[in-house]
Amino acid sequence: MQCPLIIAISGGNFQMYPSTLKQSAFAATLALSLTFQPAIGQEAEAPGEATEATKSLNAKLLQVLPFSDKQSFDDAHHGFIAPLSDEIVKTQDGRPVWDPKKFGFIKEGSEAPDTVNPSLWRQSQLINIS
C-alpha cells in the first residue's frame with residue numbers, strides 16, 4: 001500500500017514522497033520518540049513559545065494534509081478490544097523504559113499546540129486510544 005506521508009521541508013516548502021505504510025509508520029514512531037519523550041527519570045522542560053517559523057510551517061501542514069479525514073480514528077475505535085496497561089514498562093533490572101502516563105495530556109480531538117507538528121499530534125492521539 002502506498003501512503004504519501006513522508007514529507008521533507010526545505011525553505012518553508014513541503015515535498016511529499018510516496019512511501020509504504022510500514023516506512024511511514026516507522027518515520028512517525030521515530031519522530032515521536034525523538035520529539036516527546038524526555039529521558040526516563042527526568043521531568044520534561046516546560047515548552048517554550050513557538051517561533052513564527054514553526055507556527056507558519058505547522059499552519060501549512062494543516063492545509064496540505066487531510067486532517068478532516070477521521071477514518072483512522074474510526075478504525076482504531078472499531079477494532080478496539082481492551083486498553084493497554086498504564087504501568088511503566090521496565091527493563092529486566094527494573095530501569096524504566098516507557099511511561100504511558102506521561103502522554104495522557106494528548107487527548108483525542110484536541111488541537112496541536114503551536115510548538116507541535118500537527119501530524120505528530122494526530123499520530124499521538126491515535127496511539128493514546130489504546
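Each reported figure results from applying straightforward, stated rules to the coordinates on display, with no laboratory input. On a predicted model such as this, the values are computed, not experimentally measured, just so you know. For neighbour counting, all protein chains shown are included, and Cβ atoms are generated from backbone atoms with ideal geometry for every residue, glycine included.
By the count of other C-beta atoms within 10 Å, a proxy for reagent exposure, I127, I81 are ordered fewest to most as I81, I127.
Within a straight-line Cα-Cα reach of under 26 Å, K55 can be paired with the following lysines, leaving aside sequence neighbours fewer than 8 residues apart in one chain: K70, K102, K107.
For the range 78-130, what does the alpha-carbon gyration tensor say about shape, rounded, prolate or oblate, given a ≥ b ≥ c as the root eigenvalues, a/c under 1.5 as rounded, and a/b over b/c as prolate? Judged from the Cα gyration tensor, the range 78-130 comes out oblate (a/c at least 1.5, b/c at or above a/b). A simple packing score, the average count of other Cβ atoms within 10 Å per residue, orders the peptides 53-64, 114-125, 88-99 as 114-125, 53-64, 88-99, with the highest score first. In µm²/s, what is D for the range 39-130 at 25 °C and 0.890 mPa s, where D = kT/(6 pi eta Rh) by Stokes-Einstein and Rh is the Kirkwood radius from Cα pairs? Taking Rh from Cα pairs, D becomes 159 µm²/s.
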